[in-house]
Amino acid sequence: MSQLFKPTRCALAVALLSLPALASANQSLVAPGFSLTTGGVTSQRSVHTSANNPASTNLIVRDGERFRFGYFANLGGYIEIGEVDDLDLKLDDLVDDLDALDTLDSWSSANLGDRQSAASHLSRYGAGCNVDPSSGSIDGNTLAACYQAIADNINGELLEALEQGGQIRAGFHASAPLMPFVFSSQRDWSLGFNVSASGQMRGAFIGDRFGVRTNVRGGSNQNLGSVQIDAGQIGDAYVGINAILDNDGLTEQQQLEQIRDYLQNNNIVAVEDLADINQVIADLDSGALNPNDIELEAELTTDSSFDVRAAGVAQLSISYAHNLTSAFELNPTYGTLEAGARLNYYHAEMFRNLVSFRGIANDDDDSDDDALDTALDDFRDQSTTSGALGLDVGLLWHADNYQLGLTLYNLNEPEFDYPDLGSFLDSREDDFEAAQNLQRNGRLSLAESVTLTRHAVVEGAYFSQSRNWVVQGYYTLGTATNFVGDEFQNMGVSAGYFTNSWWLPGVRAGYNKNLTGTELSTVHFGTTLFGIFNLDAAMSTQTSSFDGNDIPRYLAFSIGFEEKF
């Protein structure tokens, strides 16, 4: 028997796949400047907020001046993990479980310390899995009960925890030096320019039940057939089949016949599901197959996989804003109406790959390139590059102590294609088969694209008479997406004190809620030092637990210099 499935490697694969392993007119993508705290709201205090409402650039440049710009590159990033409740401890338990099963399989040769450790750990599964460390052997029923208990744990609590916790999102952004750059005519219109780069990454565990399949292979590794064993029957099937395969006194044909009879007589597999095995036995009887060419192998079967996608984006934006109150000679007593439009050019390199649990578990230890190395090479080498235009428009009404705005993002909904998994996964048999099965079950698509969806953001702000104090908020109408397909419907409120002094720092704080997707709530804090240096940070109110400690599921920062207003 060629036993490809190794339990300890299986546990390592689970652990690897569950670990947390990163553009920008759209408010769902990144938040430049102190927009990390204030959200999609226009502010005269930061030139970076011109990346929100394109009608805002007339407000960005102070009276009597023609230009305003950022100094050095504005930098920011974020990381988000899934909802985890001590997943690391559950994985540790799984590793201990599988180590204990290894000890049970070699019980007669195991030392007393290993026996005691295995017995202690497996006792948590109840009386059916209790073993005596001093005993010289383990009966088949106990061995089957232990295998089945661990399989049930994997397919139940652990698989659910992996799907919730095996999520990772991360991103970064950087504006070019001197960007954004705003030119004001000091009459009725202004122009804005921005150049930036960003990256986004998302990894998601896709769970599928675990089972065992016995394959029959002939000469030249020809696949002659297989029999699938459901997860609910793993315990009895493993013990029975293993006993048959360990019997060196049987020929391959006799082993195959006894496996068929065992599975059928114990109601582990239905008669109709043994058709492949029966055909192989018939061909052996007729002489159509040479018994010396037959090889049996047991294989882990699960389509559980980690779907990873990323995008690297360069963005060039040009915007135009016009004072409609002046253009239409309206009465400015109660406020001024601005309108603007922004054209964005996105140059995106899109990456995607899928790593199956089975591909890692069945990896050949002697191979020069293991499964993870090969998958990483494919991830770097297999990408698609495309360019697309996006159009945003906005309106902004502003008066002495309040303002209201509306921005429509992605009016034309630009679209970007990921690499087609089917074009390169066929060289990785296990990963390709898992991807095809997941597609067949509606869990993923081999060929996918992402659309930056059309949505609107309404904003409002109220200022004190001196305009040093401000309370502001925004709300997203519709669902926004980023380059890796995450969905957002953000709303937020914030308040701050913006000083006119160079030595007195400005401070701000805010709260944000994503009404869809991950539905995270985040709190934000920021300060402006010397009138030119912005530092902002955010964290989620929801936490995940690792090693007995609670950590925020989301962390973000933004840092940069810009010209003082």
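Quick notes
- Altogether, the Stokes-Einstein calculation at 37 °C and 0.692 mPa s, with the Kirkwood radius of segment 413-453 over Cα pairs as Rh, returns a diffusion coefficient of 298 µm²/s.
- Mean projection of the Cα convex hull over all viewing directions, computed for segment 186-301: 14.7 nm².
- Dipole magnitude (debye, nearest 20) for the chain, charges at Cβ of Lys, Arg, Asp, Glu: 4240 debye
- Overall dimensions of segment 25-111 as given by Cα atoms, namely Rg and Dmax in Å: 27.2, 90
- Percentage of interatomic Cα-Cα distances in the chain larger than 43 Å: 37 percent
- The heavy atoms of THR374 offer some 40 square angstrom of accessible surface to a 1.4 angstrom probe.
- Pair ASP63, ASN141: separation of 7 Å Cα→Cβ label points (nm): 9.4 nm
- With N counted as the residues of segment 408-565, its alpha-carbon radius of gyration over 2.2 N^0.38 Å works out to 1.42.
- Take PHE561: with every protein chain present and a 1.4 Å probe, its accessible area is about 70 Å².
- When the residues HIS48, HIS322 are ordered by accessible surface, computed with a 1.4 Å probe over the protein chains alone, the sequence from largest down reads HIS322, HIS48.
- Solvent-accessible surface ranking, highest first, for ASP307, ASP293 at 1.4 angstrom: ASP293, ASP307
- Heavy-atom SASA rank of ARG68, ARG454, ARG217 (probe 1.4 Å, accessible area, largest first): ARG454, ARG217, ARG68
- Accessible area of LYS513 (1.4 Å probe, protein heavy atoms only, ligands and nucleic acids ignored): about 50 Å².
- With coordinates expressed along the principal axes, the C-alpha atoms belonging to segment 388-465 extend over 68, 24, 18 Å, beginning with the largest.
- Cα point-scatterer Debye curve for segment 44-169, base-10 log of I(q)/I(0) at q = 0.15 Å⁻¹: -0.79
- Quarter the surface of the alpha carbon convex hull of segment 220-283 and you get the mean projected area, 4.7 square nanometres.
- For segment 97-146, the equivalent ellipsoid built from the Cα gyration tensor has semi-axes of 14, 11, 10 Å, listed from largest to smallest.
- Paramagnetic label zone (point 7 Å from Cα along Cα-to-C-beta, THR527; backbone N under 18 Å) in segment 38-81: 38
- Efficiency of FRET from Cβ geometry, THR451 and SER106, R₀ 56 Å, rounded to 0.05: 0.55
- Annotation for segment 160-174 versus segment 311-356: alpha-carbon center distance of 29 Å.
- nm² value of the averaged projected area, convex hull over the Cα atoms of segment 190-236: 8.8 nm²
- Each 5 Å bin from 0 upward holds the following percent of the Cα-Cα pairs of segment 98-216: 2, 9, 13, 11, 9, 8, 8, 6, 5, 4, 4, 4, 4, 4, 3, 3, 2, 1, 0.
The values are calculated or read from the model by the stated rules, or taken from the named source; none is laboratory data. Quick caveat, the model's predicted, so the values are computed rather than measured. Don't worry about glycine lacking a Cβ; one is built from the backbone with ideal geometry, like all the others, and counts go over all protein chains shown. Ligands, DNA and RNA are stripped out before the accessible areas are found, and what is left, the full protein with its side chains, is counted by its heavy atoms. Shrake-Rupley method; radii C 1.70, N 1.55, O 1.52, S 1.80 Å.
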